[in-house]
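What follows is a short report on a single structure.
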Amino acid sequence: MNTHTRGIGMFEAKTHLSELVDRVERGETIVITRHGEPVARLVPYAGGSDREEAGRALQEIVAMSKGRSLKGVTLREVIEEGRRF
């Protein structure tokens, strides 16, 4: 996979957007510049949605918590303790 980063001016980016998207699909990262200064970056889509990522994170938290206990402390007490800081 090509991870080469290349800067490209705003006008050229607008004119050649379809070509740039094709290049990004192949793994290239393209930085868009305005007056020579970077303003945006086109990167390959990593896949998944925020909802999917949240679901995976929740599954990991549940798996990590298996076999652990709060040893008589309630969840409410933990939350209140956290709010004090």
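The values are calculated or read from the model by the stated rules, or taken from the named source; none is laboratory data. Here the structure is a predicted model, which means the values were calculated and not measured. When we count neighbours, we look across all protein chains shown, and the Cβ atoms used for this are built from the backbone with ideal geometry, even at glycine.
Residues in the range 31-44: is at least one in a helix (DSSP H, G or I), loosely packed, with under 12 Cβ neighbours inside 10 Å and out of contact with any strand residue (DSSP E or B) (no Cβ under 8 Å at 6 or more places or on another chain)?
Applying the first criterion (in a helix (DSSP H, G or I)) to the range 31-44 yields none.
Checked against the condition, which is being in a helix (DSSP H, G or I), loosely packed, with under 12 Cβ neighbours inside 10 Å and out of contact with any strand residue (DSSP E or B) (no Cβ under 8 Å at 6 or more places or on another chain), the range 31-44 yields no hits at all.
Each residue in the range 1-25 was checked for being at pLDDT 85 or above and either on the phi > 0 side of the Ramachandran plot or loosely packed, with under 10 Cβ neighbours inside 10 Å (or both), and 2 pass. In summary, V62 fulfils each of the numbered conditions (1) of a type in the set (A, V, I, L, M, F, W, C); (2) loosely packed, with under 10 Cβ neighbours inside 10 Å; (3) part of a loop (DSSP other than H, G, I, E, B) with the single exception of condition (3).
Listed here are the residues, each with its yes/no results for (1) under 30 Å from A13 (Cβ atoms); (2) not aliphatic (A, V, I, L, M).
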position: V31; (1), (2): yes, no
position: E37; (1), (2): yes, yes
position: G47; (1), (2): yes, yes
position: R51; (1), (2): no, yes
position: R56; (1), (2): no, yes
position: E60; (1), (2): no, yes
position: A63; (1), (2): no, no
position: K66; (1), (2): no, yes
position: F85; (1), (2): no, yes
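Here E52 passes the criteria (1) assigned to a loop (DSSP other than H, G, I, E, B); (2) within 22 Å of the chain's Cα centre (by Cα); (3) of a type outside the set (G, A, S); (4) modelled with pLDDT under 85 except the one numbered (1).
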